[in-house]
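Below: one structure, written as structure tokens.
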Amino acid sequence: MRTNIRKWGNSAGAIIPAAALAKSGLKLGECVDIIAEDGQITIKTHTPEYSLDDLLAATSASAVKLTDEDKEWLGDLPVGRELI
């Protein structure tokens, strides 16, 4: 499939034909990553990466329920080669 690059405000854009969009599995409104290298532009589905700190910050304390078993070992000292 062929299309042209067009001016779009202060940027440029290309129309993605419906058949190409359907074949790619991408959907309207989906977040994508654009990689430009070696004379090519690649559009890929964006897969967010979260750190443990990000996930913990987004979790309310009321969502974490500790069982009695959890509480038993939670304050224990390392017994092997655990990373702290």
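Read-outs throughout are calculated quantities, based only on the coordinates presented, and are distinct from any laboratory measurement. Given the structure is predicted, the values throughout are model-derived calculations rather than measurements. Backbone-built Cβ (ideal geometry, glycine too); neighbour counts: all protein chains shown.
Which whole-number percent gives the relative contact order of the chain, counting Cα pairs below 8 Å spaced six or more residues apart? Intermediate results must be reported in sequence, preceding the final value.
Values: 36 pairs, mean separation 10.5, N = 84.
Value for the chain: 13 percent.
Among the GluC sites (Glu not before Pro) found in the chain, those both in a DSSP coil and sparsely packed, with 15 or fewer other Cβ atoms within 10 Å of their Cβ, are GLU30, GLU49, GLU82.
Just rank VAL64, VAL32, fewest to most, by other beta-carbon atoms within 10 angstrom. Walk me through the numbers before you get to the answer.
Numbers: VAL64 9, VAL32 12.
Ordered by Cβ neighbours within 10 Å, fewest first: VAL64, VAL32.
Taking the Cα centroid of region 5-31 and of region 51-80, what is the distance between the two, rounded to the nearest whole Å? About 43 Å separates the Cα centre of region 5-31 from the one of region 51-80. Under the combined filter of DSSP loop state and at most 11 neighbouring Cβ atoms within 10 Å, region 11-71 retains these trypsin sites (Lys or Arg not before Pro): LYS27, LYS65. Sorted ascending by nearby beta carbons within 10 Å, beginning with the fewest, LEU21, LEU83, LEU55 become LEU83, LEU55, LEU21.
In whole angstrom, region 20-84 maps to an equivalent ellipsoid with semi-axes of 43, 18, 10, each derived as √(5λ) from the alpha carbon gyration tensor and ordered largest first.
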